[in-house]
Amino acid sequence: MDHIRRVDIKVSRKALRQWVVANPVNPDFPAPILEELQLKKVADNLDAVPDANEHTLLSIFRSQRLRDLTVHKFTYRAARALFLPTVEKLSLVAPKESGTSTLQFQQDLLTMPNLRRLTVDLSLSPSANMVDVQLDRLEYLDLTIKKAKDARFLRTVTAHRLRDARIIVEAPDKDIPSILRSLAGLFNVVAVQRHLRCAVFRARNAHGLYVSLTEEEMSTTKGIRLYLKNGTLDEHLFRLLTMYMALCLDKVQRLYIEPDLCVPLVRNAATVKMNAEGLLLTIEAMQELRLLQISMKLTRIDNLEDGSAVPCPRLETVVVEDVGVDEALFLSFLIAPNLQDVDLDITALGGDIHNVVESIAPLLDHVAKNCQGYDANICAQSGQSLELTFTGLETETDAVRLEFLGKDIQNRALTAIARELGSSLQVVREFTVADGEGYERNSWATWYGLFEQMDAVRTLCIEGDASKVFDSGLAFRPGGQQGSRPVFPQMYSLILENVWFRPRKKKNGPRAKKTFVNDLIRSFQHRQQAKSLKYPTIVKGTNIRLADINKLQTLTRYLSSDRAVRK
């Protein structure tokens with residue numbers, strides 16, 4: 001081995017014994033220039049060498065230059081033969097039955113002052129006395145903890161340069177408080193060394209949580225990664241995390257809540273939910289939080305009393321992919337005066353729609369105040385979806401996006417929007433009813449209830465099949481009342497794009513009595529301020545006649561139409 005710098009082998013004790021017998025070497029430093037050693041033991045039922053002699057076999061790899069050491073599945077006593085002052089990187093995985101005392105492990109760490117990276121999966125027995133361990137160069141720590149006693153030595157470790165930590169906790173749930181207490185000091189060091197701006201909470205199942213705190217969103221190695229494999233997802237667990245990771249959470253600006261899709265999930269994993277009350281506690285500790293994105297279901301909040309609102313002074317963006325009653329109730333506890341962007345997919349059913357919209361209304365009111373004016377777009381792509389988007393006039397980016405999903409959702413969603421989102425609807429300046437296949441003529445009364453809330457609209461754009469909802473044009477007659485009531489009273493510009501002014505003529509069928517163009521002309525005649533509509537524009541209109549254009553011209557000031565208008 002005089003000329004070997006790197007060794008990476010999987011070997012049994014029997015093979016090692018044969019090697020030692022066949023290659024007598026210098027007993028002090030048999031591998032003089034070996035720098036990197038990766039040694040992993042494989043099982044050998046024919047191996048007759050007792051465990052007590054493993055350290056003698058591993059001694060053949062001792063080197064004055066050994067810097068990178070990996071020893072897996074050999075006994076801890078055997079691995080100690082290679083603990084040299086030159087070692088900078090140590091990866092140690094010992095068999096479950098082969099451990100050592102906490103004191104012995106601490107003393108062995110002190111013999112390796114140059115350690116920069118430490119990976120340990122080791123069972124430690126308690127010691128009455130412990131010593132302080134100072135690892136001045138340690139930058140990376142990877143621990144697998146099976147019991148609380150395996151982590152107690154960390155309370156005596158000082159590592160001022162620690163920048164990255166990966167902790168896997170396989171201990172039972174009752175040991176987690178003690179383990180987190182042991183880890184708190186090292187977590188604080190990482191928080192000082194790095195700007196932990198991004199946090200990810202992933203639920204593996206009802207008893208598993210992954211927490212990642214990193215500098216950047218896509219980073220997977222820089223910062224803190226904590227796997228609690230047996231941690232019950234309840235309020236108590238989040239309270240512990242908030243207590244022992246307070247310094248880490250304090251600077252978080254982006255928080256992602258999501259299911260863990262990278263591991264096999266248990267049966268009925270779709271029902272796994274993140275604890276909402278615990279999540280509120282965690283968010284309260286994140287005073288720098290700017291973005292909150294939730295991609296999984298939350299539990300129902302039952303124990304929070306009135307006045308338990310969570311202030312989020314810097315929160316700007318909220319994204320929730322599956323909003324039901326429980327998720328909406330969770331959002332109602334957030335007080336975010338600087339909120340500028342909300343994106344929600346609402347999947348509540350039936351009568352729950354109104355409760356959901358009522359719960360999220362305060363958040364949307366904050367957005368409306370901050371944007372000071374909206375462009376709005378509404379679209380029914382199908383009978384089971386309705387999407388409403390508000391765009392800030394100054395930012396020209398989506399400020400609010402609400403997508404309602406479910407069977408027979410349209411009328412319920414429109415009613416809830418009209419009743420609860422008045423603050424947002426009343427600041428809309430430009431309104432587009434986009435083309436889609438989900439519009440139904442028999443829902444016109446619900447649509448006009450929405451339009452009545454939009455008094456500030458200056459520009460209205462109607463596209464394609466969206467004309468179906470304007471059953472009475474731009475004025476309608478409420479049931480049981482005389483006279484027609486105009487909608488969009490301040491409208492200045494009307495754009496009709498790809499609209500069928502008369503329905504498609506059915507072969508051998510009767511002529512349609514009701515047409516969009518006649519409804520539009522009739523509604524103009526009922527509008528007291530029809531002349532205020534200065535700029536109606538027709539783009540690619542279908543089945544409109546020259547007489548219709550002339551009549552519209554007399555009711556408005558200027559009417560423009562492109563060459564694509566077809567009669």
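The table that follows gives values for the structure above.
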{"quantity": "Subset tally (residues that are modelled with pLDDT under 85 and hydrophobic (A, V, I, L, M, F, W, C)) for segment 456-486", "calculated": "3"}
{"quantity": "Top-ranked residue in segment 114-128 [being surrounded by 19 or more Cβ atoms within 10 Å (Cβ to Cβ) and more than 35 Å from the chain's Cα centre (by Cα); ranked as farthest from Lys73 (Cα to Cα)]", "calculated": "Leu115"}
{"quantity": "Subset tally (residues that are of a type in the set (Val, Ile, Thr) and at pLDDT below 90) for segment 352-404", "calculated": "2"}
{"quantity": "Exclusive hit being in contact with a Phe, Trp or Tyr (Cβ under 6 Å, 6 or more places away or on another chain) and either more than 24 Å from Tyr492 (Cβ to Cβ) or small (Gly, Ala, Ser) (or both), set Ala434, Ala380, Ala418", "calculated": "Ala380"}
{"quantity": "One residue from Arg429, Arg419 being at pLDDT 90 or above, touching a strand residue (DSSP E or B) at 6+ places or on another chain (Cβ under 8 Å) and of a type in the set (Lys, Arg)", "calculated": "Arg429"}
{"quantity": "Unique match (being over 14 Å from the mean Cα position of the chain (by Cα) and either modelled with pLDDT of 95 or more or under 21 Å from Leu240 (Cβ atoms) (or both)) among Glu288, Glu305", "calculated": "Glu288"}
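Yes/no matrix, rows are residues, columns are (1) surrounded by 20 or more Cβ atoms within 10 Å (Cβ to Cβ); (2) over 21 Å from the mean Cα position of the chain (by Cα); (3) not β-branched (Val, Ile, Thr):
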site	(1), (2), (3)
Arg163	no, yes, yes
Arg181	no, yes, yes
Val200	no, no, no
His207	no, no, yes
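The values are calculated or read from the model by the stated rules, or taken from the named source; none is laboratory data. Everything quoted here is computed from the prediction, not taken from an experiment. So basically every Cβ, Gly included, is an ideal-geometry build from the backbone, and we count neighbours across all protein chains shown.
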